[in-house]
Amino acid sequence: MKLNSLTDTHFHLNSEDDIEEIIKRARDNNVENLILSCCDLKNIEELLEIINRYPNIYLTIGLHPDEIDSFNDTTITYFEKLIKSNQKIIGIGEIGLDYYHNKDNKKEQIKLFKEQLDLAKKLDMPVIIHSREATNDTINILKEYKLKTTIHCFTGSLEIAKMYIKEGYLLGIGGVSTFKNTNLKETLKYIPLENIVLETDSPYLSPEPFRGVKNEPKNISIICENLANIKGISLEEVIKITTNNVVNQYKRLG
Ligand code: NI
């Protein structure tokens, strides 16, 4: 980890992406630390190969609620084996609840979520949470576990932010914070920098002025600059504190 550089705490890769070019463009924008998010079972081997090849790329693994159909009896033991055998897998995620895409299978989603939280507890791993139209269930379930937690792609109200902050969670802030029509800008004024990590969620959710264009880790620099403007502080301060938050959250980085 380079502490005086930016960190993209959450991005995705597809087979057709040119990782060398993505790293180069990120580096040109002082984004040196990259955390890949794998949330299905399809390209996990490919991503393991990438983290073994590049020292500055780390991985989190988990089964996203939208991928529930691929969940079976072997999933959890498979994740456990991978986590135990590779120190560059630093967290479990993204996992969680998505009642926007499907609210007819709440029970099954909660089961999948809890089994992965149990694994995180057992292995003492931090978790990365996807929660969409499921805030109450997410908070109530997470409270039972007391894990180091990051709320991925936080776009909620100040009231919800305060509930998460009270539990000591980190909020993943990305491209949405740069959109013209968002309340998030106002909310961010009141969220301590100590509770924020930066993420692109690329290839999705490009920041302004690149909305509609494929997102990349390099755009963390835009998200950082926007946050520095909102808070009226220097870029250096945002870089220092947000990357420090990452190091404190993921003990396998230390
Ligand atoms: Ni994601």
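Taking Arg53, Arg25, Arg132 as the candidate residues, the one with maximal mean-square fluctuation in a Gaussian network model of the chain, Cα springs under 10 Å, is Arg53. Among Lys162, Lys81, Lys146, determine the one that fluctuates most according to a GNM of the chain built with springs between C-alpha atoms less than 10 Å apart. For the chain, modelled as a Gaussian network with Cα springs under 10 Å, the answer is Lys81. Sites listed here are chymotrypsin sites (Phe, Trp or Tyr not before Pro) in the range 16-104 whose DSSP assignment is loop and whose Cβ has at most 14 other Cβ atoms within 10 Å: Tyr100. Under the criterion of Cα pairs below 8 Å and six or more residues apart, the relative contact order for the range 6-249 equals 20 percent. Relative to one another, the C-alpha centroids of the range 43-94 and the range 176-253 are positioned 24 Å apart.
Using Cα springs under 10 Å in a Gaussian network model of the chain, which residue among His101, His12, His64 shows the largest mean-square fluctuation? Greatest mean-square fluctuation among the candidates belongs to His101.
Counting only protein heavy atoms and a 1.4 Å probe, the chain has 47 square angstrom of accessible area per residue. Highest mean packing comes first when the peptides 197-205, 114-122 are listed by Cβ atoms within 10 Å, giving 197-205, 114-122. Here the accessible area is traced with a 1.4 Å probe on the protein chains. For the chain, carbon and sulfur cover 48 percent of it.
Only protein heavy atoms count here; on that basis, with a 1.4 Å probe, Lys143 has an accessible area of about 90 Å².
Work out the FRET efficiency for Phe210 and Lys180 from their Cβ-Cβ distance, taking R0 = 22 Å, and round it to the nearest 0.05. About 0.95, to the nearest 0.05.
Packing order of peptides 29-39, 206-216, highest average first: 29-39, 206-216 (average count of other Cβ atoms within 10 Å over each peptide's residues). For the chain, the 222 nm mean residue ellipticity estimated from helices alone, with every DSSP H stretch of n ≥ 4 adding -39500 (n - 2.57) and the total spread over all residues, rounds to -12000 deg cm²/dmol.
The values are calculated or read from the model by the stated rules, or taken from the named source; none is laboratory data. Predicted model, so just to flag it, every value in this text is computed and none were measured. So basically every Cβ, Gly included, is an ideal-geometry build from the backbone, and we count neighbours across all protein chains shown. Calculation scope for accessible area: heavy atoms of the full protein, side chains included, ligands and nucleic acids excluded. Shrake-Rupley method; radii C 1.70, N 1.55, O 1.52, S 1.80 Å.
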